[in-house]
């Protein structure tokens, strides 16, 4: 085992020494930006440390016997092969550890399923191989929607004949033409479904994924705590384009969001939001075309708030 | 103890190729299964190399996404139905009759049929690769409705599953009948070696789950060709139904692949600890317990499919519960080694390595049983790492250990010890280099079953690919060692290992063509 | 489990060519069927038929061999016991096969349809995707697939079929009793009767299908109801057909003087199988026709 551990750092060092352009390595789950993602992260870390503790016991015992009970040290083996007491101990103790894990897990699970009292509902529909986002009003009627597919920059580079380098696009497979826009500090209910085969809507920063199942609506709720660009993927094999339908969600200030939505509903935008426009919105800069919303647009915007 | 090797009725093996085609001898059929599985290991391994080559770098370099998906699907199916299961059935064929003191398997003709059905099924599956549009692109889980989009090869893939399923059912019936009916006098059920127990339990699992898989894929066939709506919401069906049916099969199937491996480990560890297995009865009950609970955990593969909270909670608790009997097994193995007189010949190295790597898979398994955490882990590379730690780090390691352990009995020759040890160290190191970084990838958000990924995942993927190439290449050492041992090598003694106990070690090495035609005495 | 003095402890057949040959036939049969389904009708049909012929030849050959071995009393108590365990677990695996389809029926009725109409955590499934859909049974789903239809009723043909199978269970048991007590004429008559009851069942099932397609508007495409009805009863009917053919073979063997009071595993295996299709029918009648 020691030999195994010795090799890893050498190998890693050799690999990382080469191109300096490589991004920082991410070893763990991101803590995320929603209340649920924080709880899930904490649960994950709790379970992780529990397992590390168990690992110390199991591997410690194994190492001890491998080192100290070799034939070179013990010519004669003991012949014991039963002990009801220790059997009871190592049945009960793991069970208690499991109970300790199950309690927080159950609580977090119930919290993830709290879909009531949402401020905004967005229907997310997966297709081979793109996403559709539709903003719903109080009666669950779509008021504005658009399709979102892999960015042109990525599309241009995903070629096998001739092979092309993806390195010239820093957001290769991680960028779309029209990102989904959500407001910060609002409870947004994502109503997820599919138009063809099963997909899965996964943004790690939002705490998890939900399958997009044709003929069914599955749900996930987010309440994004800070403006930003959050990237995810389709996480259920859905054919040749499975790797090429990323999810990009841009969380923007509330005011910017509602003005953008109202303007979009009124057809006063140049179309679905581009990445550049979304970034501007994120910084609270409502693009010129959206300024000066009329009173009717304000009414349209308030309809969505519920 | 009678160890007669005679040919009472003068039935040696038939000459030439017909020996292998028509054989009803459990040792011949065991050899056939093991050889078949060995070939498939390299077929499935080659597919893994294609996968890891493409994933070594972001962007598309070697194969197009459709072909990548076919490789990924077939890699899974070949490794499960073509490598792990047949290898374990090969072990069962060789060992169960010898360990319970039976003259052969209970239903020898059926035994031969099971093997050839497997070959037929696997041939049909691999033939889909050559068909217009290629093989299935769906992963081995074949989820509807995506699998229904498979072009020409759809029906062939389904029928290949049927063939392999029938093969498994018949093989399992044979093992159960042998264990129930042909034990030597005095070989009480609770005196049976743990390997026999593990297969006894496994055979039950297979007989329950294989018909369910057959039913599930038949539903796919009907939905595709006969206009039924099992998986079509418009007709009142649901794609989630397929997941339920599939995982009712699929989860016990995982135990089908690991329980006999537990059995192998439970044979190896006492031998090289020179101590009886610790807590034999607890080990048997743990096996029974695992298999029983395994029927109530299937939906933990579907936590993200939008099940009601009550269902999620039930499957979470049941899944966590499985950790208890599994933990008992691991603790008992360590207790068996405790205060023994340990030596580390190759089989023992693999058995110890098994405990190390399998336990990592066990830990991540417990983490994944937690529904909210699974919302993140699900379908990511984290789970790819998890089940490869269980299947490659678990079952495959146990298989290697088992081969080194019993090969001298089967062939009469000792394998090359030094080469075996080299094989072990290369395997366990490269295995960890290959799969450990995949945990990080999954946690960081890399989905499984993708031919291409965002740039931030590059480093760990490259490390993983390097590990994969070393892992693949190390198996060539194993190939050489085994093939060489079959032909020549130091003559093995009857007992082979000084600490070995059990009926199979009482017959000569190599084991004669017929053993225990008269029942041995079991004390 | 004592060893037989002076002879082998257990009969181990050698060099069976049939299992390999039948696999070749089976492979061709399935490969041909797959080709047929995938649009290569002509060559598919040819391969299918060739495979079927090989399979039938092999089945006849294999069983002739086994029957010959059985009648020459090659098999003794230990072999007999292996066959029994084998048959028990084979039937158990068949039960599990039907279990998958019953499971699909229950899941669709109890969970899928209510979910589609908004139950549990699926409120928005109904609101957004299938507005106004109400779960009921029979159902062809929110898409009204296959148009309107009438469901099956527990009366009429279904009730008659239930009676047929129940009587056949009695007759096969009487035949078994006759065999064990050496009344061969009773065996001949009641076994023949069992076969005819089974045969009549299959015919009336076919009649029921025609009725469903022509009068009730119920087809395989009638959503989940048509799906589960035809697939469940269809697989059951297939098993009845196989069982009836097996009964016929056993009857021919009885007519030729095979079996005696103690040595009749073949007969019992088929009798068990027949009881198994009976029990499955009971489930079908209850859950498909009645409830």
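Listed from fewest to most Cβ neighbours within 10 Å, the set A:178, A:199 follows the order A:178, A:199. How are the C-alpha pair distances of the protein assembly as shown spread across 20 Å bins, as whole percents from the shortest bin up? Reading upward from the zero bin: 11, 40, 35, 12, 1, 0. With a ≥ b ≥ c taken as the square roots of the eigenvalues of the C-alpha gyration tensor of region B:45-182, please select rounded if a/c is under 1.5 and otherwise prolate if a/b is larger than b/c or oblate if it is not? Cα axes put region B:45-182 in the prolate bin.
Spin-label model, residue C:184 to residue B:309: label points 7 Å out along the Cα-to-beta-carbon direction sit 7.3 nm apart. Enter the angle in degrees (range 0 to 90, nearest 10) between the Cα long axis of helix C:77-107 and the first principal axis of the Cα atoms of chain C, meaning the one along which they spread out most. Its long axis makes an angle of about 0 degrees. Against chain B, whose longest principal axis comes from its Cα atoms, helix B:194-225 is set at around 30 degrees.
I'd like the FRET efficiency for residue C:282 and residue C:173, computed as 1/(1 + (r/R0)^6) with the beta carbon distance as r and R0 of 25 Å, rounded to 0.05. Plugging the Cβ-Cβ distance into 1/(1 + (r/R0)^6) gives 0.95.
Rg and Dmax, both from the Cα atoms of region C:153-209 and both in Å, are 13.2, 43.
Among A:220, C:290, sorting on how many other beta-carbon atoms sit within 10 Å of each Cβ, with the fewest leading, yields C:290, A:220.
Calculated on C-alpha atoms, the gyration radius of chain B divided by its Kirkwood radius gives an Rg/Rh of 0.96. Within region B:138-293, the percentage of alpha carbon pairs spaced more than 21 angstrom apart rounds to 54%. As a rough footprinting exposure proxy, the listed residues C:126, C:261 were ranked by other beta carbons within 10 Å of their own, and the order from fewest upward is C:261, C:126. For chain B, the longest principal axis of the C-alpha atoms and the axis of helix B:239-273 are separated by about 30°. Note on region B:220-273 and region C:109-185: Cα centroid distance 25 Å, given to the nearest whole angstrom.
Give me the compactness ratio for region C:15-74, meaning the Cα radius of gyration over 2.2 N^0.38 Å. In units of the globular-protein estimate, region C:15-74 measures up at 1.39. For region A:120-304, the equivalent ellipsoid derived from the Cα gyration tensor has semi-axes of 27, 20, 14 Å, listed largest first. How big is the gap, in Å, between the Cα center of region A:164-217 and the Cα center of region B:274-327? Their Cα centres are 33 Å away from one another.
Classify chain C as rounded, prolate or oblate, taking a ≥ b ≥ c as the square roots of the eigenvalues of its Cα gyration tensor: rounded when a/c is under 1.5, otherwise prolate if a/b is larger than b/c and oblate if not. Judged from the Cα gyration tensor, chain C comes out prolate (a/c at least 1.5, a/b above b/c).
Quick check: the distance between the Cα centres of region A:111-160 and region C:76-100, to the nearest angstrom? Result: 53 Å between the Cα centres. With the Cα gyration tensor of region C:193-249 giving a ≥ b ≥ c as the square roots of its eigenvalues, does the rule (a/c under 1.5 for rounded; else a/b larger than b/c for prolate; else oblate) give rounded, prolate or oblate? Note, shape of region C:193-249 comes out oblate.
Taken together, the values in this text are just the output of simple stated rules run on the coordinates, not laboratory data. Values in this document were obtained by computation on a predicted structure and should not be read as measured data. Ideal geometry is used to build each Cβ from the backbone, glycine not excepted, and the neighbour counts take in all protein chains shown.
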